[in-house]
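Contents: one structure, followed by commentary.
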Amino acid sequence: MTEFRSPDQEVSRLRVRLVVAGVFMLLCLSLLAARFVYLQVMRFDYYHTRAEDNRIALVPVPPNRGAIVDRNGKVLARNFAAYTLDITPSQVEDLDETIDRLAEIVDISDYDRRRFKKFREESKFFESVPIRTKLTDEEVARFIARRYLFPGVDVQARLFREYPQGDLLGHVVGYMGRINNRDVDHIEARGETANYRGTEHIGKRGLEESYEAELHGKTGSEQVEVDAGGRKVRLLSRRTAVPGNSLILTVDAGLQAVAHQAFGERRGALVAIEPSTGGVLALVSSPSFDPNLFVDGISVADWKGLNESPDRPLLNRAIYSAYPPGSTFKPFMGLAGLSTGKRTPQQAIADPGFYVFGGHRFMDDKIGGHGMVDLHTSIVQSCNTYYYMLANDLGIDGIADFMRPFGFGQLTGIDLPGEADGVLPSPDWKRKRFKKPGQQKWYGGETISVGIGQGYNAYTPLQLATALSALVNDGVVFKPHVVKYVVDPQTGARREVEPKPIRQIPLKPAHLAAVRAAMVDVNKTGTGARAFAGAEYSAGGKTGTAQVYSLKGTKYKEGNVAERLRDHSWFIAFAPADKPRIALAVLVENGGFGSRSAAPIARQVIDYYLLGKRPAGQASEDEDAPADH
Amino acid sequence: MEFRLHPVALIRAILRPIDPPLFLLLTVLLAAALVVMQSASPARMEAQLVNTGVALALMWVTARIPSARLLSLAMPLYVLGVVLLVGVALFGEISKGAQRWLDLGVVRIQPSELMKIAMPLMLAWFFQQREGAIGFGEFVLAGVLLAVPVALIVTQPDLGTSLLVAAAGLYVIFFAGLSWKLIVPLVLVAVVGLGSIVAFGDTLCQPGVDWQVLREYQKHRVCTLLDPTSDPLGKGFHIIQSTIAIGSGGMFGKGWMQGTQTHLSFIPERHTDFIFAVMAEEFGLIGALVLLAVLFMLLLRGLMIAAVAPTLGTRLLAGAITMIFFTYAFVNMGMVSGILPVVGVPLPFISYGGTALVTLCVGVGILMSIQRERALSQS
């Protein structure tokens, strides 16, 4: 430190430092100026974009899902708008506390809480999850008035699915459910991720699932200006959503109702087809379920009830359960004998009441036999011996090759998900089916059982109805389908589903006529005569009885073993005989003889379809009144 | 003058303590503040007008006080400030995790704010007392006078204010003639220290690394500056959004009341610490450079007043006050534009906040008082 400094020296020294300070300030402010030039000129484009991205959000507008109506326009699935109370968990500090406070304003049940928890586990952190659905107007008003107390909670108008016919068409129409992780994968695989933004539900079963792509529609979008909290400030532009296509079914809801009610409490299935188009007129799997239960998340109790019931209401027996066809197989076998030249219509065999093959006696159901039996008698009286012999003559490969084009043991390709293929037995099939070499060999005796529709044979009611349709339609095979038209709701343009036959089986009219004539006599003098007594039309039919036998093994509950070990009852039928408008297959599980339980159901269905007659005790239920919402 | 008109005399009397260049520049800044405030937070316009009026009145009152009187207030103000700081440490209210306020029943005050004026006043007064005999011992003593309140403010903890108070004192010491031999190494240490934080930021910012001297939230601020994207929705959000606001303003800005970042609430604290982002978004580079120019002219005027002030104490005081203005402006704009850490420093004369505005205008009043004294001594 300089000890001797004059005040003047001090002042000039201070002034130097002031100049230094001034230069320093200029440098620093120039640094700032340079930074501003960098941000505002050189990087302007980047920051401009960032500011626009901040400001503008693209909000998806989910489309209206297409409606589903029956062939007469009766509504089977539609949308209705309802308010839901949504929580965005990422914006809420204490979820439980918030829900407790909400419960003081709107009704929140334990079920709502459990469902919220489940949905939350399935959704992403930042997504909003409904805590209550279908709020009343009063509840909405109460919440809106207190909305400021609940950050992260909001009321939203949502479209819900509704099935006015309840359990009548549960298996056909199916239901919707919230999109889960597996659905997300499917959506991604279809390249539809963008189109499902904003969509929360997806078809899970039935037509809702198989026609998802048609029903969903195209998601629109709104460009909105948002503030930092993500709240909409104003609308900038809009691309409207394109509503999903609606479906007009081939199914007749009235016919379906008759068939459904004809089953009552019994388990079973019915498939009725219009032979000239392949359109499914009715498809029943009994018991059924109410798809409305699934619309906003099924409750645990309801789910248990459906899933654990021994009657398995969620199982679509019409397309998924395969049963041995029993004697309903005989008309097809008979046709095979004629077509392959192994039999003529007049050719008769002597039936002693049994058939011996490989040292084993295959019994007829009539002790002492049917005497001399030709094709006609064999069908009308359901003679086993005729078919034991015929099966032996045709050989297993001959049978399989003839039956395959009718769709036996093949996926029919119906437009419903979850179809099973059944079993058309053949040596080839057996080799693939069994692993142990000892089990892979085909035995001649097995062919004999196949001839009467037992043994390894297993077909779904749908397959049998499809095959019968081909038989009564002169061998013209259609792919069975439930949807008649896919309709664009904006233009009204219709697209027909499966309008063309998929193949023509080469069959001689005389052979077909012989078999059909025999089937008509079944309902006049044979096993179907009682059920079709007094019919005002001529109908063909054939009973069948399937021994209870399952490839997959069925679990029996001890208490009802006896009932559940009874044979399954089959009936196939078509009418009117000369120009069939309906062909159907009915199966009643553990129904005993086909003539007793299945045939009366077929009669009721045909009576209604051809004559508009309702069975006694069934009220007219043509009220189309929509439920109030 | 043959006859005196009373109104003219009155205006003259009012204007006598005012330094016209300083007042003109200040008016421009305060007017700009009102324009920007209307966009940033119209609800606060009334309060801002009241604050401006009070601050200008106090500036005028201060400007009328002779600088010798001001310097003689140094000791009592300083002692009062330290006592209040101790009071805060013992009985202060905790708000937002820091203990800064002292509730005196009538008003709630923030004693650290008082220290921003009391500190340079005290040191200027101190050096004036020792004029002609300023040696190493005086600088040590000045260092102690500086360290006590700074330490008290650091422990509140309030990093921003303690840095400003420390800077205010250091400026006085610098102008008092601390040897370059001491200044250069000190600056070097500071530069190397900051440089190494920037260089090793990644390692130092790992969670769990304890910085000893800084609180967790302060560490967070420094780390966020080093990499704003590391915490885009937390602390980094402020810096990211304010740089977006500035950058998207472009050359001419989006126009008054048209800033999307401002009006859609993307800019945090947009009426206080981040008000510069509002300005730069709506008035662009042009607006920002005009602001820098006006501020620089105000600073130059302050340095000129310091250069020609009559006594050592007033020279030191004027120089230090000018440098404090500069520090406020540089730290604030540096922070908002993302080249300095987020420390709670307002933009001088523009940001909303009565206390800061009053402090700053009292500072301007002191400059005017010093300038007026020189004018008197010259005449």
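General observations
- Applied to the stretch A:317-322, the Karplus parametrisation 6.51 cos²θ - 1.76 cosθ + 1.60 on θ = phi - 60° returns per-residue 3J(HN,Hα) values of 5, 5, 10, 10, 8, 9 Hz, with x for Gly and Pro.
- Probing with 1.4 Å while keeping every protein chain in the model, the per residue accessible area of the stretch A:234-362 equals 36 Å².
- The solvent-accessible area of B:Ser179, taken with every protein chain present and a 1.4 Å probe, is close to 30 Å².
- Carbon and sulfur %, accessible surface of the stretch A:361-483 computed with the full protein complex present, 1.4 Å: 52
- Placed amide H near A:Met176: partners under 5 Å, 5+ positions off or other chain: A:Lys204
- Pairwise FRET efficiency - B:Leu194 versus B:Val83, Cβ, R0 = 35 Å, nearest 0.05: 0.55
- Sparse packing (at most 10 other Cβ atoms within 10 Å of the Cβ) combined with a DSSP loop state is found for the following GluC sites (Glu not before Pro) in the stretch A:97-164: A:Glu104.
- Of all accessible heavy-atom area on the stretch B:1-52, the percent that carbon and sulfur account for (1.4 Å): 71
- With q set to 0.11 Å⁻¹, the log10 of I(q)/I(0) for chain A, from the Debye formula over equal scatterers at the Cα positions, is -1.06.
- In this structure, A:Thr340 and A:Glu127 have a Cβ-Cβ separation that, at R0 = 60 Å, corresponds to a calculated FRET efficiency of about 0.45.
- Taken along the Cα-to-beta-carbon direction at a fixed 7 Å, the label points for A:Ala189 and A:Asp53 span 3.3 nm.
- For the stretch A:50-201, the carbon plus sulfur part of the accessible surface works out to 47%, probe radius 1.4 Å.
- Placing +1 on each Lys and Arg Cβ and -1 on each Asp and Glu Cβ, with no other charges, gives chain A a dipole about its Cα centre of roughly 1500 debye.
- Where a label projected 7 Å from the Cα of A:Gln547 along Cα→Cβ would reach, residues of the stretch A:457-484 with amide N under 20 Å: A:457-460
- Nearest-10 value in Å² for the accessible area of B:Ile153, using the 1.4 Å probe: 0
- Modelled label reach - A:Asp302, point 7 Å along Cα→Cβ, the stretch A:127-165 residues with backbone N closer than 13 Å: A:133-134, A:161-164
- Nonlocal amide H pairs with A:Asn590, under 5 Å, H built at 1.01 Å: A:His568, A:Ser569
- Residues of the stretch A:46-81 whose accessible area, computed with a 1.4 Å probe over protein heavy atoms, drops by at least 20 Å² once all protein chains are present relative to their chain alone are A:Tyr47, A:Arg50, A:Ala51, A:Asn54, A:Arg55.
- With protein chains left intact and a 1.4 Å probe, residues in the stretch A:22-160 average 54 Å² of accessible area per residue.
- Compared with the direct C-alpha span, the chain from A:Lys134 to A:Ser90 gains 13.5 nm at full extension, assuming 0.36 nm per residue.
- Theoretical FRET efficiency, 1/(1+(r/R0)^6), r = Cβ-Cβ of A:Gln223 and A:Arg114, R0 45 Å, to 0.05: 0.75
- Potential lengthening of the chain between A:Asn181 and A:Arg494 amounts to 109.3 nm, from the contour at 0.36 nm per residue minus the alpha-carbon distance.
- Close amide-amide hydrogen proximity is noted between A:Val233 and A:Glu225, A:Val226, A:Asp227, each under 5 Å apart and 5 or more residues distant or on a separate chain (H modeled in the peptide plane; Pro and chain starts excluded).
- In range of the label at A:Arg433: residues from the stretch A:330-361 whose backbone nitrogen is under 19 Å from the point 7 Å along Cα→Cβ: A:330, A:333
- Ordered by 1.4 Å accessible area with all protein chains kept, A:Lys118, B:Lys181, A:Lys436 run largest first as B:Lys181, A:Lys436, A:Lys118.
- Shielded residues, the stretch B:257-276 - accessible-area loss of 40 Å² or more between chain alone and all protein chains, probe 1.4 Å: B:Thr260, B:Leu264, B:Phe266
- Binning the alpha carbon pair distances of the stretch B:263-350 at 5 angstrom intervals from zero yields the distribution 3, 14, 21, 21, 16, 10, 8, 5, 2, 1, 0, expressed in whole percent.
- Where B:Trp125, A:Trp442, A:Trp303 fall by accessible area, highest first, once all protein chains stay in place (1.4 Å): A:Trp303, B:Trp125, A:Trp442
- Hydrophobic, long helices, defined as DSSP H runs whose alpha-carbon span along the helix axis is 24 Å or greater and whose mean Kyte-Doolittle value is at least -0.5, occur in chain A at A:7-37.
- Under Karplus coefficients 6.51, -1.76 and 1.60, residue-wise ³J(HN,Hα) of the stretch B:248-255 in Hz, glycine/proline x: 6, x, x, 5, 10, x, 8, x
The values are calculated or read from the model by the stated rules, or taken from the named source; none is laboratory data. These numbers were taken from a predicted model, which means no experiment stands behind them. Glycine gets a Cβ as well: all are built from the backbone with ideal geometry, and neighbour counts include every protein chain shown. Heavy atoms of the whole protein, side chains included, go into the accessibility calculation; ligands, DNA and RNA do not. Shrake-Rupley method; radii C 1.70, N 1.55, O 1.52, S 1.80 Å.
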